[in-house]
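Down below is the structure, laid out as structure tokens.
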């Protein structure tokens, strides 16, 4: 009996050893995380420090999430668009008639979350000074005033409220249904860069006035500090970031690389401040009289790794 037990124990040890040998080793990867930073420099399309245009106002939106459509490594300032290794490319569709980003399949990540992990052996070996990131969608909270809210035979204004805005900055996006926060808007159509939808979040007893307002921004700032040598296609949102030190990929790495993409949200939501009160004013009784959204583009990208 003892001999049988001894043989049985040896068999278990042997099987356990075989199973351990079959376990896959941790593969070194490029791990890409996201960060939204309102203290980062506010840049213009050429990568220069930028202020707020006269007659406009801006604020730091509080991000809920962001979607990226494409990530490209860039060797140097003369590397044409799409000539570098493409690390990620989101889904596209022609359901709306033209080629568009498929919002239904978009991957949305929040501050501090991991966007992508890709084995380092699958990335073309080389030295990369820049990275291009095509931002397609932003979801964030902003402060606003809702004015001329119908209340019986009169109206009221609610000031310094918080609402949620969905910002589409990709070249073209097909949207079926859009849920911002608590409400849903059915669209089933393509929307070009600059489309936005805003949901109020009024407290009781005014919550019956909650609604979704939509519009189109006048433009989108897309930061590209190497524009003079490699401009980006019109209507795209290929934000170009500079590595703090060139990213070296050999394909023979023994450890993973943590890559952080830090986007500047410094006053990245900008509008025409018609009454100079510093608040985004929406007219509930006549939305066409609401203040116009000027820009929703992120204001810079800093890339670092360890």
Seminar exercise, completed: The condition from (1) farther than 30 Å from residue 119 by Cβ; (2) part of a loop (DSSP other than H, G, I, E, B); (3) touching a strand residue (DSSP E or B) at 6+ places or on another chain (Cβ under 6 Å) that residue 232 misses is numbered (1)
Problem set entry | Leading residue by the ranking (farthest from the chain's Cα centre (by Cα)) among those in segment 45-66 that are in a loop (DSSP other than H, G, I, E, B) and surrounded by 16 or more Cβ atoms within 10 Å (Cβ to Cβ) | 50
For this session: Go through segment 113-127 and count every residue that is buried (at least 18 other Cβ atoms within 10 Å of the Cβ) and either at pLDDT below 95 or within 22 Å of the chain's Cα centre (by Cα) (or both).
Result: 2
Problem set entry | Unique residue being under 22 Å from residue 34 (Cβ atoms) and either within 18 Å of the chain's Cα centre (by Cα) or modelled with pLDDT of 95 or more (or both) when the list is 229, 264, 217 | 264
Seminar exercise, completed: Heads up, the strands (runs of 3 or more DSSP E) in segment 97-168 (entirely inside) with at least 3 residues that are in contact with a helix residue (DSSP H, G or I) (Cβ under 8 Å, 6 or more places away or on another chain) are 126-151
Exercise. Quick check: is even one residue across segment 130-146 surrounded by fewer than 14 Cβ atoms within 10 Å (Cβ to Cβ) and either closer than 30 Å to residue 253 by Cβ or in contact (Cβ under 8 Å) with a residue 24 or more places away in the chain (or both)?
Worked result: no
For this session: Go through segment 188-222 and give me each residue that's over 24 Å from residue 149 (Cβ atoms) and in a loop (DSSP other than H, G, I, E, B).
Result: 193, 194, 217, 218, 219, 220, 221, 222
Exercise. For segment 169-187, how many residues meet the condition of being modelled with pLDDT under 95 and not in a strand (DSSP E or B)?
Worked result: 4
Problem set entry | Given (1) crowded, with 16+ Cβ neighbours inside 10 Å; (2) part of a loop (DSSP other than H, G, I, E, B), index of the condition residue 78 fails | (1)
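The values are calculated or read from the model by the stated rules, or taken from the named source; none is laboratory data. Worth saying up front: this structure is predicted, and the values here are computed from it rather than measured. Reconstructed Cβ throughout: ideal geometry from the backbone, glycine too, with neighbour counts over all protein chains shown.
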